[in-house]
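These notes concern the structure reproduced below.
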């Protein structure tokens, strides 16, 4: 398995997992999490630091409870986001890995030169018997390449094909030109010599650069051997080189070199195509995960831990879920977390806001329409319900759904089929429904504004999201999370929130819940000038009321605010109301002073 770093300090990198591998923080080296190999060839991850939680598919994991990693899943460790990519295991090979030393006792002596173009596009045809053997070898090579199913098999397969084509005993494959001809892998037939294979890096680089194969006589510890250094040509360029060493007493001829060049070119083309396919697959995994990477749920309070536990349990089922909670509590985040941790995770997640459209548009958006169903319906359109086939349909603000559509939705949930607007044929669908509301649906059902039978159909599993004022201990962690999220977008280098600002955030009632907190942090980052979010960066609504001058206060924050006001007023008096001069006296940026004046409501004074 591999981890593709989507963003954070390791963005763009690829991490291959190994049993016992530990990820540490980039700054202090503090261990954050550890990976363990399981018996079925997959990996589990366990967190090592409660203060820096690890998230799998948007949910935090407990210290004592490792969580398995699955292909296409998402992992967040600290500030780094990863996408889990499954990598094929290398199959058993008839060859053993061969040790390599990048040096030779003496310079090799060139015996034969044969250019790639000359070998492939011109030259005399070998004798019939040799020609037949070579043709069989080429057919076998083509068949072998067509059966390779992943990059993990390629090097061993290439080595085996080359040793079948020429009388060699050991093979080394090098990296592309410009990488110092670094040996990528080396192979030998089972039971061969164990001393390291000696290769000449300069000759490998020269073979790739000149597009030419060289047969050389190599002096080794137990005598001399012949070797071929040949380019791996694909699409007109060398993708690396190959070094083939003959057994003792065996010589290479031009026919061997010609056949080796052709097979090397075939394998190089195949590998390049697989490399490109792997790059596209990795990119596809990253793009698919990009939608979800910013939808992690943050919080370590008791209400959130209970919610995470219920999400983890209900995600494994296929039950309909009704999410309840005030506006801004993160109902869509919960819906996405359920989807990403369910068996439908590789299928679509389709969301629609029932309060955002008129009844006619909502019906067409939800169920789709046939061509000519109404004015402007110039073609068939699939609805959100049909697009969610095999996946999850999320209906936000379900309490705002008009009564006629409630009846149609009820039938779709009961029969798992519906008809498009203007259609006559039923459309079968398979999806999981998650609905969300901030209304009291029981009261709406009693009042007749919401169908009671639909309410019972929706209320299979009910999850209540706590408002932010009931989990104030999560506010510092949420604030830091939003700083990391929005600071790059605002072009700011901000490393956190000042304690006084956090204290002020914790005292606010947050009627808009987490969404309001995120907006406050984003505004502070857009308007602030310092390396941290300060109290003065917060909106006026979060500023404490100015204490009366007739009463003395021992409250620390009120006293500090009063002192700041007095300093600003004194600076303006001494600067004769000149704003730039007052900023210089205070030692602050003029823009920052503008914000202080506005936040403390000092403009009239």
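The values are calculated or read from the model by the stated rules, or taken from the named source; none is laboratory data. This one's a predicted model, so the numbers in the text were calculated from it and none came from an experiment. Backbone-built Cβ (ideal geometry, glycine too); neighbour counts: all protein chains shown.
Which residues, taken from segment 357-370, are exposed (fewer than 15 other Cβ atoms within 10 Å of the Cβ) and free of Cβ contacts under 8 Å to residues at least 24 places away in the same chain?
Within segment 357-370, the first condition is being exposed (fewer than 15 other Cβ atoms within 10 Å of the Cβ), and the residues that meet it are 358-361.
Matches in segment 357-370: 358, 360, 361.
State all residues of segment 267-276 that are farther than 11 Å from residue 231 by Cα and either surrounded by 20 or more Cβ atoms within 10 Å (Cβ to Cβ) or within 25 Å of the chain's Cα centre (by Cα) (or both); if no residue qualifies, say none. First the steps, then the outcome.
Step one: of segment 267-276, the residues farther than 11 Å from residue 231 by Cα are 267, 269-276.
Answer for segment 267-276, where residues must be farther than 11 Å from residue 231 by Cα and either surrounded by 20 or more Cβ atoms within 10 Å (Cβ to Cβ) or within 25 Å of the chain's Cα centre (by Cα) (or both): 267, 270, 271, 272, 273, 274, 275, 276.
Kindly evaluate residue 454 against the criterion of being assigned to a helix (DSSP H, G or I), assigned by TED's automatic domain parsing to the domain that holds residue 323 and in contact with a helix residue (DSSP H, G or I) (Cβ under 8 Å, 6 or more places away or on another chain). Explain how you work it out, then say what you get.
On the way: assigned to a helix (DSSP H, G or I): yes; assigned by TED's automatic domain parsing to the domain that holds residue 323: yes; in contact with a helix residue (DSSP H, G or I) (Cβ under 8 Å, 6 or more places away or on another chain): yes.
In short, yes.
Restricting segment 327-343 to residues that are buried (at least 19 other Cβ atoms within 10 Å of the Cβ) and more than 22 Å from the chain's Cα centre (by Cα), which is farthest from residue 512 (Cα to Cα)?
Restricting to residues being buried (at least 19 other Cβ atoms within 10 Å of the Cβ) and more than 22 Å from the chain's Cα centre (by Cα), the top hit is 331.
Would you point out which residue out of 492, 515 is within 25 Å of the chain's Cα centre (by Cα), in a helix (DSSP H, G or I) and either outside the structural domain of residue 79 (by TED's automatic domain parsing) or under 29 Å from residue 7 (Cα atoms) (or both)? Full working, then the answer.
Numbers: 492 fails: in a helix (DSSP H, G or I).
Answer to the check: 515.
Inspect segment 39-54 for any residue being under 16 Å from residue 309 (Cβ atoms) and part of a loop (DSSP other than H, G, I, E, B) and give the result as yes or no.
yes
Name the single residue, out of those in segment 1-50 being more than 20 Å from residue 79 (Cβ to Cβ) and exposed (fewer than 12 other Cβ atoms within 10 Å of the Cβ), that is nearest to the chain's Cα centre (by Cα). Explain how you work it out, then say what you get.
The first filter runs over segment 1-50 and keeps only residues more than 20 Å from residue 79 (Cβ to Cβ), leaving 1, 16, 18-20, 36-44.
From what is left, the residues that are exposed (fewer than 12 other Cβ atoms within 10 Å of the Cβ) are 16, 18-20, 39-41.
Working: 16: 14, 18: 19, 19: 21, 20: 22, 39: 25, 40: 24, 41: 21 Å.
Here the residue is 16.
Quick one: in segment 389-414, which of the residues that are out of contact with any strand residue (DSSP E or B) (no Cβ under 9 Å at 6 or more places or on another chain) and in a helix (DSSP H, G or I) is farthest from residue 444 (Cα to Cα)?
Taking the candidates together, the pick is 414.
Among the listed residues 500, 480, which satisfies the condition of being part of a helix (DSSP H, G or I), out of contact with any helix residue (DSSP H, G or I) (no Cβ under 8 Å at 6 or more places or on another chain) and modelled with pLDDT of 85 or more? Let's see the steps before the verdict.
Working: 500 fails: out of contact with any helix residue (DSSP H, G or I) (no Cβ under 8 Å at 6 or more places or on another chain).
Just a single option satisfies the conditions, and that option is 480.
The conditions are (1) more than 16 Å from residue 427 (Cα to Cα); (2) modelled with pLDDT of 90 or more, and residue 377 fails exactly one of them. Which is it?
Evaluating residue 377 over (1) more than 16 Å from residue 427 (Cα to Cα); (2) modelled with pLDDT of 90 or more leaves (2) as the failure.
Filter segment 225-248 down to residues that are surrounded by fewer than 14 Cβ atoms within 10 Å (Cβ to Cβ) and farther than 12 Å from residue 169 by Cα, then give me how many there are. So that I can check it myself, show each step before the final result.
Initially, segment 225-248 is screened for residues surrounded by fewer than 14 Cβ atoms within 10 Å (Cβ to Cβ), giving 235-236, 248.
Narrowing further to those that are farther than 12 Å from residue 169 by Cα: 235-236.
Qualifying residue count for the region: 2.
Say whether the condition of being more than 19 Å from residue 138 (Cα to Cα), touching a strand residue (DSSP E or B) at 6+ places or on another chain (Cβ under 9 Å) and either in the same structural domain as residue 163 (by TED's automatic domain parsing) or without any contact (Cβ under 8 Å) to a residue 24 or more places away in the chain (or both) is met by at least one residue in segment 260-268. Write out each step before concluding.
Filtering segment 260-268 for residues more than 19 Å from residue 138 (Cα to Cα) gives none.
Checked segment 260-268: no residue is more than 19 Å from residue 138 (Cα to Cα), touching a strand residue (DSSP E or B) at 6+ places or on another chain (Cβ under 9 Å) and either in the same structural domain as residue 163 (by TED's automatic domain parsing) or without any contact (Cβ under 8 Å) to a residue 24 or more places away in the chain (or both).
Given the structure, is residue 199 touching a strand residue (DSSP E or B) at 6+ places or on another chain (Cβ under 8 Å) and surrounded by fewer than 23 Cβ atoms within 10 Å (Cβ to Cβ)? If you could, list the steps in order and put the result at the bottom.
Values: touching a strand residue (DSSP E or B) at 6+ places or on another chain (Cβ under 8 Å): yes; surrounded by fewer than 23 Cβ atoms within 10 Å (Cβ to Cβ): no.
So residue 199 fails the test.
Within the bounds of segment 144-153, is there any residue that is assigned by TED's automatic domain parsing to the domain that holds residue 109, under 24 Å from residue 111 (Cβ atoms), crowded, with 16+ Cβ neighbours inside 10 Å and at pLDDT 65 or above?
Step one: list which residues in segment 144-153 are assigned by TED's automatic domain parsing to the domain that holds residue 109, which gives 144-153.
Adding the requirement that they be under 24 Å from residue 111 (Cβ atoms) leaves none.
No, every residue in segment 144-153 fails to be assigned by TED's automatic domain parsing to the domain that holds residue 109, under 24 Å from residue 111 (Cβ atoms), crowded, with 16+ Cβ neighbours inside 10 Å and at pLDDT 65 or above.
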